[in-house]
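These notes concern the structure reproduced below.
The values are calculated or read from the model by the stated rules, or taken from the named source; none is laboratory data. Because the structure is predicted, anything quoted here is derived from the model rather than measured. Positions of Cβ are backbone-derived with ideal geometry, glycine not excepted, and every protein chain shown enters the neighbour counts.
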Amino acid sequence: MPGRTATVEYGSDGVAVISLQNPPVNALHPAVLSGLFDRLREAHSRSDVKAIVVTGAKGKFSAGFDINEFGKQAGGGGIDSTINDNFCELLESGPKPTVAAIEGVALGGGLETALACNARLCSPGTKLGLPELQLGILPGFGGTQRLPRLVGLQTACQMMLTSAPVSDAKALKLGLVDGVVPRERLLAEARQLAAEIAAGTKPRQFTLYRTDKLEALGEALAVVDFARAETQKRAPHLMHPLLCLDAIRAGIEHGGRAGLRAEAEAFAKAASLDAHKALVHIFFAQRATKKVRGVTDAGLKPRRIKRIAVLGGGLMGSGIATASVLAGVDVLLKEINDKFLQAGMKRVEANIMSRVKKGKMKEAAAKAALGRLIGTLTYDDFGSVDMVIEAALEDVGLKQKIFADLEAACRPDAILSTNTSTIDISLVGAKTKAAERIVGAHFFSPAHIMPLLEIVRTPQTSKQVILNTLEYGSAIKKTPVVVGNCTGFAVNRVFFPYTQAACMLVDLGLDPYTVDKAIQFGFGMPMGPFRLSDLVGADIGLHVGHNVAGSYGERTYPSRIIQALVDAKRLGEKTGAGFYKFDARRKASPDPELAPFVERSRKEAGLFRGGKPPAFSPQDIVEFIFFPVVNEGCRVVAEGIVDKPADLDVATVLAMGFPPYRGGLIKWADLVGAKHVATRLAGWAEQFKSAGLDGFFRPTRGLLRDSMPGLTATVDYGSEGMALISLQNPPVNALHPAVLSGLFDRLREAHSCSDVKAIMGCLIKWADLVGAKHVAARLAGRAKQL
Ligand SMILES: NC(=O)c1ccc[n+]([C@@H]2O[C@H](COP(=O)([O-])OP(=O)(O)OC[C@H]3O[C@@H](n4cnc5c(N)ncnc54)[C@H](O)[C@@H]3O)[C@@H](O)[C@H]2O)c1
């Protein structure tokens with residue numbers, strides 16, 4: 001790895017300067033660490049070296065351990081305690097003093113490297129922090145021990161638990177760095193400081209052994225215990241923040257060296273947990289949504305979207321306009337009359353000014369953003385825009401008329417997109433000849449805050465249009481996920497069973513608030529299905545329910561209780577009552593007046609005959625609700641609605657708040673195990689068959705196949721355009737449903753390959769004995785003759 005290393009320069013002042021080299025952010029790849037270790041040993045052993053400065057090449061100290069290694073190696077990217085024993089020890093307590101010269105970033109392992117040095121200087125604009133908890137691990141190079149000893153326990157706990165970095169000025173105030181020096185003088189001053197420490201004119205600090213910033217033992221332990229209790233309350237499902245606090249506590253009680261050993265143990269434990277795998281998975285998956293097979297690898301160049309038009313200044317249109325002007329995109333906001341236009345413009349202004357109020361934005365920047373917004377009542381200026389996002393009312397006729405108008409008003413290369421959540425995208429553009437530049441741009445409410453953008457393509461949407469929309473999505477700081485055109489697209493489609501399964505549980509005799517509790521507190525969703533229904537509105541839920549019933553028929557459950565709530569105008573938050581009742585501050589509490597609605601729904605459903613409700617543990621509730629969601633997710637993957645399963649993971653985390661530490665929907669199912677998911681679904685399908693509800697649960701072919709990895713069909717592509725499909729279920733390849741599903745998938749795959757001319761199925765063991773290659777070659781020969 002020639003580019004990844006650490007280099008050393010020996011100065012005539014007796015100072016060796018070691019530079020971390022791994023552009024662009026000098027990530028601590030194992031090759032860099034080993035380079036640093038070697039250069040340190042070498043510098044310590046030379047008699048002409050008095051002191052050592054550690055810095056990073058090209059204006060960045062280091063952004064931390066190389067995250068790509070987490071993707072490749074099991075648990076924690078292969079870091080172990082020898083790193084503490086060897087390399088940090090050599091930095092802190094080797095024969096020569098060390099000074100870190102920090103520019104740009106010192107994060108994670110980068111900051112820990114600097115913490116192990118005997119002093120630190122940084123340049124203005126540097127960010128310093130320990131964000132490891134975000135990836136399900138904890139600071140591993142002694143960070144849990146040295147940070148508290150430098151900045152005090154409370155601040156250190158806060159920095160680690162929130163993962164938030166601090167600025168250079170804050171770092172100086174906290175004592176995290178010893179000075180802030182302009183970048184052009186940084187190295188010279190670090191050399192001088194190192195030489196002075198070596199000469200004994202400045203003290204050499206051994207952070208691991210300092211106690212001056214730590215509270216007295218009793219008080220210090222109380223700080224850690226308080227942080228522990230708070231963390232348990234805030235993140236009851238997460239183990240790794242507690243492991244981090246345990247390591248800190250061990251160091252407080254038994255000293256820094258014992259703390260290092262505790263840290264190594266805690267690190268190894270955290271790295272072995274599913275939460276770490278899940279968080280690393282989501283980290284990479286989120287980056288990968290911008291890579292779409294056949295689109296981003298097609299050699300096309302994305303075109304920057306500089307100016308857009310938003311149709312409709314309502315809830316969604318104003319949010320979309322807000323996100324766009326904030327990102328520097330010019331926006332024409334069109335409404336149907338001046339009153340609605342002014343209301344829409346005011347909404348954008350309010351969205352932006354609330355950022356100023358919260359201190360997230362300067363007034364001048366807000367003004368500049370608002371300066372990019374122009375209101376209009378006509379299509380006159382639509383020839384100037386690169387893209388239109390239609391966010392008018394959800395009405396097919398209206399949208400078709402709007403798109404016909406847009407085709408006439410816009411340039412022939414302008415992207416025409418719709419924010420519809422329920423209408424078929426192809427239908428929206430049915431009255432135009434512009435199918436190749438029509439695409440869905442499906443935002444989630446509130447559009448200026450929610451981070452996901454579903455880009456819905458139809459078979460006609462051109463690659464260039466998808467690419468440009470991806471570019472626009474990234475430019476306005478959304479995570480764009482390209483999805484196929486089907487009812488509900490990806491997120492709303494996989495989540496339709498969420499509320500429906502919950503309603504079924506109530507019809508089976510369970511209390512709705514118990515169901516919500518299991519999903520929110522037991523599983524970690526931001527809210528349970530009934531609280532979500534109240535937030536969205538029962539009327540919207542009912543509309544969506546009719547929509548999915550029309551498309552997915554037998555695998556839906558008709559929600560009687562939601563219909564009853566709509567009939568009684570109990571729509572949720574907006575009417576003051578739904579499943580819950582709401583006070584003036586919109587705080588939800590259980591409502592005894594819900595009982596008659598529950599009773600009526602149960603009576604109509606006929607699943608509960610009274611008496612004692614069936615026993616469902618919180619885990620059962622989670623599985624009953626989420627396994628049908630996973631099942632639909634498997635369909636979405638199998639039908640190619642998403643480009644890859646990980647896209648659905650990202651989408652469910654960002655749009656629905658699916659816990660990221662569970663990895664997103666499909667990763668979670670993988671971690672739980674396809675076999676368990678399929679078995680439970682099959683059990684419920686059987687149980688509810690007589691009620692005609694087996695379709696709601698019946699596991700998909702893909703899930704069945706994944707649940708029995710040995711039972712499948714494999715395909716071999718021969719050079720003569722022959723695909724040879726072999727059934728795999730030894731000893732006699734019995735046709736288990738998983739094998740049939742594998743056969744079906746392989747057949748579909750082979751039929752779709754342009755270079756496959758013939759497919760041969762190897763149904764009996766005889767063919768295995770004869771030799772598949774021989775059979776294929778003979779058949780290919782015969783095919784050629786014919
Ligand atoms: N509300 C949500 O949570 C949500 C989420 C995703 C998608 N959507 C979709 O976004 C679209 C807009 O929803 P909304 O909640 O913002 O509705 P809304 O009722 O708040 O706003 C719609 C606006 O469009 C305006 N309008 C109607 N015809 C127009 C035209 N020809 N030109 C310009 N403006 C016109 C209306 O005057 C109104 O102000 C719908 O298609 C909806 O399905 C909504």
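A few points about this structure:
- Residues located in the range 208-238, provided they are crowded, with 16+ Cβ neighbours inside 10 Å, within 13 Å of residue 157 (Cβ to Cβ) and within 35 Å of the chain's Cα centre (by Cα): 223, 224, 227, 228, 231
- Residue check for residue 357: within 15 Å of the ligand (Cβ to nearest atom), under 29 Å from residue 536 (Cβ atoms) and more than 25 Å from the chain's Cα centre (by Cα): no
- The residues of the range 528-552 that are touching a residue at least 60 places away in the same chain (Cβ under 8 Å) and either crowded, with 22+ Cβ neighbours inside 10 Å or under 26 Å from residue 664 (Cα atoms) (or both), listed by number, are 529, 544, 547, 548, 551, 552.
- Residue 535 within 16 Å of the ligand (Cβ to nearest atom), out of contact with any Gly (no Cβ under 6 Å at 6 or more places or on another chain), of a type in the set (A, V, I, L, M) and closer than 28 Å to residue 443 by Cβ: yes
- The condition of being within 15 Å of the ligand (Cβ to nearest atom) and in contact with a helix residue (DSSP H, G or I) (Cβ under 8 Å, 6 or more places away or on another chain) holds for only one of 427, 393, that being 427.
Yes/no matrix, rows are residues, columns are (1) within 16 Å of the ligand (Cβ to nearest atom); (2) surrounded by fewer than 20 Cβ atoms within 10 Å (Cβ to Cβ):
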| site | (1), (2) |
| --- | --- |
| 276 | no, no |
| 283 | no, yes |
| 303 | no, yes |
| 315 | yes, yes |
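A quick yes/no check of all residues on (1) in the same structural domain as residue 139 (by TED's automatic domain parsing); (2) outside any strand (DSSP E or B); (3) under 24 Å from residue 107 (Cα atoms):
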position: 12; (1), (2), (3): yes, yes, no
position: 20; (1), (2), (3): yes, no, yes
position: 26; (1), (2), (3): yes, yes, yes
position: 31; (1), (2), (3): yes, yes, yes
position: 34; (1), (2), (3): yes, yes, yes
position: 37; (1), (2), (3): yes, yes, yes
position: 43; (1), (2), (3): yes, yes, no
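- Counted residues, the range 662-706 - those being of a type in the set (Ser, Thr, Tyr) and either under 25 Å from the mean Cα position of the chain (by Cα) or farther than 20 Å from residue 605 by Cα (or both): 2
- Pairing residues of the range 339-353 that are touching a residue at least 12 places away in the same chain (Cβ under 8 Å) with residues that are surrounded by fewer than 14 Cβ atoms within 10 Å (Cβ to Cβ) and part of a helix (DSSP H, G or I), at Cβ distances under 7 Å and at least 6 apart in sequence or on separate chains, gives no pairs at all.
- Only one of 479, 461 that is in contact with a strand residue (DSSP E or B) (Cβ under 8 Å, 6 or more places away or on another chain), farther than 19 Å from residue 653 by Cβ and either in the same structural domain as residue 432 (by TED's automatic domain parsing) or modelled with pLDDT under 95 (or both): 461
- Lone unmet requirement of (1) touching a residue at least 24 places away in the same chain (Cβ under 8 Å); (2) more than 30 Å from residue 559 (Cβ to Cβ); (3) of a type in the set (A, V, I, L, M, F, W, C); (4) surrounded by 15 or more Cβ atoms within 10 Å (Cβ to Cβ) for residue 753: (4)
- Checking residue 447 against (1) more than 11 Å from the ligand (Cβ to nearest atom); (2) within 22 Å of the chain's Cα centre (by Cα); (3) crowded, with 17+ Cβ neighbours inside 10 Å, the condition it does not meet: (1)
- Scanning the range 706-717 turns up no residue that is at pLDDT below 80, polar (S, T, N, Q) and surrounded by fewer than 18 Cβ atoms within 10 Å (Cβ to Cβ).
- Hey, residue 441 touching a residue at least 12 places away in the same chain (Cβ under 8 Å), within 21 Å of residue 329 (Cβ to Cβ), touching a Lys or Arg at 6+ places or on another chain (Cβ under 9 Å) and near the ligand (Cβ under 10 Å from one of its atoms) or not: no
- Residue check for residue 467: away from the ligand (no atom under 16 Å from the Cβ) and either touching a strand residue (DSSP E or B) at 6+ places or on another chain (Cβ under 9 Å) or touching a residue at least 60 places away in the same chain (Cβ under 8 Å) (or both): yes
- Filter pass, residue 274 being over 30 Å from residue 413 (Cα atoms) and not basic (Lys, Arg): yes
- Count of the range 181-234 residues which are more than 21 Å from residue 151 (Cβ to Cβ) and basic (Lys, Arg): 5
- Residue match in the range 401-410 (condition: within 11 Å of the ligand (Cβ to nearest atom), touching a strand residue (DSSP E or B) at 6+ places or on another chain (Cβ under 8 Å), within 26 Å of residue 336 (Cβ to Cβ) and of a type in the set (Lys, Arg)): no
- Close pairs from the range 203-227: first of a type in the set (A, V, I, L, M), partner in a loop (DSSP other than H, G, I, E, B), Cβ under 8 Å, at least 6 apart: 208/142; 214/152; 220/214; 223/215
- Residue satisfying condition, being part of a loop (DSSP other than H, G, I, E, B) and either touching a strand residue (DSSP E or B) at 6+ places or on another chain (Cβ under 6 Å) or in contact (Cβ under 8 Å) with a residue 40 or more places away in the chain (or both), within set 709, 699: 699
- Of all residues in the range 411-424 being within 11 Å of the ligand (Cβ to nearest atom) and at pLDDT below 95, the one that is farthest from residue 446 (Cα to Cα): 423
- Test: residue in the range 323-346 that is closer than 23 Å to residue 471 by Cβ, in contact with a Pro (Cβ under 9 Å, 6 or more places away or on another chain) and within 11 Å of the ligand (Cβ to nearest atom): no
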